[in-house]
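Asks: Structure in structure tokens, see below.
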Amino acid sequence: MTTPGPLLVSIHDVAPATLPEARAWLAALDDRGVPATVLVVPGPWRRPTLVQDQETVSWLQAAVARNHEVALHGWDHGTCATTDVVRRATGRLVARGADEFLGLDRAQAAARLAAGQRILRDAGLDPTGFTPPGWLASRGTRHAAGELGLRYLTTQRAVIDLRKARHHRIPALSNRPGGWTEAVGAELLRRGAPRLVERGGVRIALHPEDLHHPRARGGALAAIDAVLATSAEPMTYADFVRRGGP
């Protein structure tokens, strides 16, 4: 009998403006004994920002104390400044315009990543890894992330160990709430996650907006429960990379 791969759950777009949703998602994961990777937007995205909101900082510190992970999730969720038509279309479709790292060179990416690291470290949080918004990052961004000491970077298809230059092929699943696709996406997530974990592992991405759509919320939790029923081991991204993968 094949041993199931790991379950990696991430909570995206975490900032003071999305703290209520982040709290609710993390509470649901705590109830299930699932450690999460909390993806924080450290820069000026909505108001207040992280440095202006001690409540969010304290909540993140408490999450880390409970064995959850805090990771870097871009800088400000801005739009990539590019004239490349294909890149612009990709950013709108995949990241809903929050494709800030898609067209950056190494120096530009390093400036944003370093600024994010400073803010999180000043808050008593030391991020191990980086998930770019929409999982979209230029080659220069990948180089910059490794040079700044970040251990891993994620794409939609893989977790990249930057220190060992190793790609762990584990797809990330999520739902886009709203419209007729929401119910279809929820069902595909529920059915697809257990199949993927049996093939080597699965990542499930949770977004703040999902909580306001019952089918998206229910589908994500049903998928997590179905994966846990396979005896798959849930873990954070950092723990996964430290162990060397599946």
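Asks: Given charges of +1 on the Cβ of Lys and Arg and -1 on the Cβ of Asp and Glu, with all other atoms neutral, how large is the dipole of the chain about its Cα centre, in debye to the nearest 20?
Replies: The dipole of the chain has a size of about 740 debye.
Asks: Another question, if that's okay. Taking the Cα-to-Cβ direction at residue 157 and at residue 30 and moving 7 Å from each Cα, how far apart do the two end points lie in nm?
Replies: The modelled label-to-label distance comes out at 3.8 nm.
Asks: Taking all protein chains in place and a 1.4 Å probe, what share, in percent, of the accessible surface of the chain do carbon and sulfur account for?
Replies: 51
Asks: Give, in nm to one decimal, the length gained when the segment between residue 58 and residue 121 is fully stretched (0.36 nm per residue of separation minus the Cα-Cα distance).
Replies: Result: 21.4 nm gained on full extension.
Asks: Moving on to the next point. Name the residues whose placed amide hydrogens come within less than 5 Å of the amide hydrogen of residue 69, ignoring near sequence neighbours (fewer than 5 apart) on the same chain.
Replies: Answer set, sorted by chain and number: 36, 37, 38.
Asks: Are there trypsin sites (Lys or Arg not before Pro) in region 126-170 that DSSP marks as loop and that have at most 14 other Cβ atoms within 10 Å, and which are they?
Replies: Passing sites in region 126-170 are 157, 163, 164.
Asks: Here's something else I'd like to know. Could you list the square roots of 5 times each eigenvalue of the Cα gyration tensor of the chain, that is, the equivalent ellipsoid semi-axes, sorted largest first and rounded to whole Å?
Replies: For the chain, the ellipsoid semi-axes come out as 25, 20, 20 Å.
Asks: Please compute the contact order of region 183-246 in relative form: average sequence separation of alpha-carbon pairs under 8 Å and at least six residues apart, divided by the residue count, as a percent.
Replies: With pairs under 8 Å counted, the relative contact order is 42 percent.
Asks: Heavy-atom accessible area per residue, the chain, 1.4 Å probe: how many Å²?
Replies: For the chain, the solvent-accessible area averages 45 Å² per residue.
Asks: Compute, for region 10-70, the length of the dipole vector about the Cα centre, with Cβ point charges of +1 (Lys, Arg) and -1 (Asp, Glu) only. Units Debye, rounded to 20.
Replies: 60
Asks: Hey, another quick one. Calculate the dipole size of region 120-245 relative to its Cα centre from +1 charges on Lys and Arg beta carbons and -1 charges on Asp and Glu beta carbons; express the result in debye to the nearest 20.
Replies: 520
Asks: Given the chain, what percent of its DSSP beta bridges are antiparallel, to the nearest 5?
Replies: Beta bridges within the chain, antiparallel portion: roughly 25 percent.
Asks: Report the calculated FRET efficiency for residue 164 and residue 67 (r = Cβ-Cβ distance, R0 = 25 Å), to the nearest 0.05.
Replies: Working from the Cβ atoms, E equals 0.60.
Asks: Whose amide H sits under 5 Å from the amide H of residue 100, counting only residues 5 or more places off or on another chain, with H placed in the peptide plane?
Replies: 78, 80
Asks: Can I ask one more? So how much slack lies between residue 242 and residue 23, counting 0.36 nm per residue of separation and subtracting their Cα-Cα distance, in nm?
Replies: Full extension of this stretch gives 76.2 nm more.
Asks: Could I ask something else about it? Averaging the inverse of every distinct alpha carbon separation and then flipping it gives the Kirkwood radius. What is it for region 10-63, in angstrom units?
Replies: When all Cα pairs of region 10-63 are included, the Kirkwood radius is 11.3 Å.
The values are calculated or read from the model by the stated rules, or taken from the named source; none is laboratory data. Model, not experiment: these values are computed from the prediction. Cβ atoms come from the backbone with ideal geometry, glycine included; neighbour counts cover every protein chain shown. Side chains are part of the model used for accessible areas, which takes the heavy atoms of the whole protein and leaves out ligands, DNA and RNA. Shrake-Rupley method; radii C 1.70, N 1.55, O 1.52, S 1.80 Å.
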